[in-house]
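First up is the structure itself, then whatever we jot down about it.
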Amino acid sequence: MHLEFWLKEVYPRIAEDLGLDVERDRKATKIMAEIGRGKLLPADVLKFIEGRNVVVLGPTAKSLDFECDVLITAGKSILNYDVIPHIHVTDGEEGWKILKKLEDEGCIIVLHAHGDNIELIKEIVPKLKSFVATTQVEPIDGVYNFCGFTDGDRAVMIAKHFKARSIRLVGFDFEKADGLKLRKLRWAKYILRMEGIV
């Protein structure tokens, strides 16, 4: 998915459907860039994905008996497993202690800014040494937009952006939720279907 298509076509529809404050998303992005100064990693640190077989791990895997070259975990799903992934994609809901532990073990943290997690950004960023920063609006000052809305589909979009050889989803159920969470998961499924992943 091209960024222009995301910004002009896909994200405005998501924002309208879910009642998101796009200006607050932009504010969060600016805050991330400001307080992350000196810690923001270049996107090139993720280029090792290219040509490799990737598994994106969601919250409902019954087993970790799979093989891959690159393991990417998404958001709070990390709380369900005793594993150190190569990359962890998140908006920070699992808390800074988990993210710090992952970073200390060599995992690359991809931290997302949006209007509802500004306070988490302010709490988490000072605790980390370095991370890749992402946004769902216009990218600025080392804060990237690889497209994607939830942690899970954003992880897939990152793998696709960096030309993974294959991308496999493990532990994802796009209907196992209700209310706002279900609506978000349905957007994630829509995005992944557009990209030919599901």
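Just a few scattered comments:
- Tabulated pairs, the stretch 58-71, first modelled with pLDDT under 95, second surrounded by fewer than 17 Cβ atoms within 10 Å (Cβ to Cβ) and of a type in the set (S, T, N, Q), C-beta under 7 angstrom, 6+ apart or interchain: 59/80
- Qualifying residues in the stretch 83-107 (those that are touching a helix residue (DSSP H, G or I) at 6+ places or on another chain (Cβ under 6 Å) and in contact (Cβ under 8 Å) with a residue 40 or more places away in the chain) - the one surrounded by the most Cβ atoms within 10 Å (Cβ to Cβ): 89
- Verdict on residue 122 being modelled with pLDDT of 95 or more and open to solvent by 40 Å² or more (accessible area, probe 1.4 Å): yes
- Taken as a whole, the condition of being closer than 23 Å to residue 107 by Cα and among the basic types (Lys, Arg) does not apply to residue 13.
- Sole exception among (1) assigned to a loop (DSSP other than H, G, I, E, B); (2) at pLDDT below 95; (3) closer than 17 Å to residue 89 by Cα for residue 185, by number: (1)
- Yes/no for residue 154 being touching a residue at least 12 places away in the same chain (Cβ under 8 Å), open to solvent by 20 Å² or more (accessible area, probe 1.4 Å), in a helix (DSSP H, G or I) and out of contact with any Pro (no Cβ under 7 Å at 6 or more places or on another chain): no
- For the stretch 16-49, filtering for residues that are open to solvent by 20 Å² or more (accessible area, probe 1.4 Å) and not in a helix (DSSP H, G or I) leaves 9.
- Scanning the stretch 128-151 for residues that are assigned to a loop (DSSP other than H, G, I, E, B), open to solvent by less than 10 Å² (accessible area, probe 1.4 Å) and in contact (Cβ under 8 Å) with a residue 60 or more places away in the chain yields a total of 4.
- For residue 181, the requirement of being in contact with a Phe, Trp or Tyr (Cβ under 8 Å, 6 or more places away or on another chain), free of Cβ contacts under 8 Å to residues at least 40 places away in the same chain and within 18 Å of residue 14 (Cα to Cα) is not met.
- Residues satisfying the stated conditions in the stretch 72-82, i.e. open to solvent by 70 Å² or more (accessible area, probe 1.4 Å) and within 14 Å of the chain's Cα centre (by Cα): 76
- Test: residue in the stretch 63-71 that is aliphatic (A, V, I, L, M), outside any helix (DSSP H, G or I), touching a strand residue (DSSP E or B) at 6+ places or on another chain (Cβ under 6 Å) and open to solvent by less than 70 Å² (accessible area, probe 1.4 Å): yes
- Residue in the stretch 157-186 that is nearest to residue 70 (Cα to Cα), counting only those that are of a type in the set (Phe, Trp, Tyr) and open to solvent by less than 30 Å² (accessible area, probe 1.4 Å): 162
- Each residue in the stretch 114-127 was checked for being touching a residue at least 60 places away in the same chain (Cβ under 8 Å) and assigned to a helix (DSSP H, G or I), and 5 of them qualify.
The values are calculated or read from the model by the stated rules, or taken from the named source; none is laboratory data. Bear in mind the structure is a predicted one, so any value in this text is a computation, not a measurement. Neighbour counts run over all protein chains shown; Cβ positions are idealised from the backbone, glycine included. Areas reflect the complete protein model, heavy atoms only, side chains present, ligands, DNA and RNA absent. Shrake-Rupley method; radii C 1.70, N 1.55, O 1.52, S 1.80 Å.
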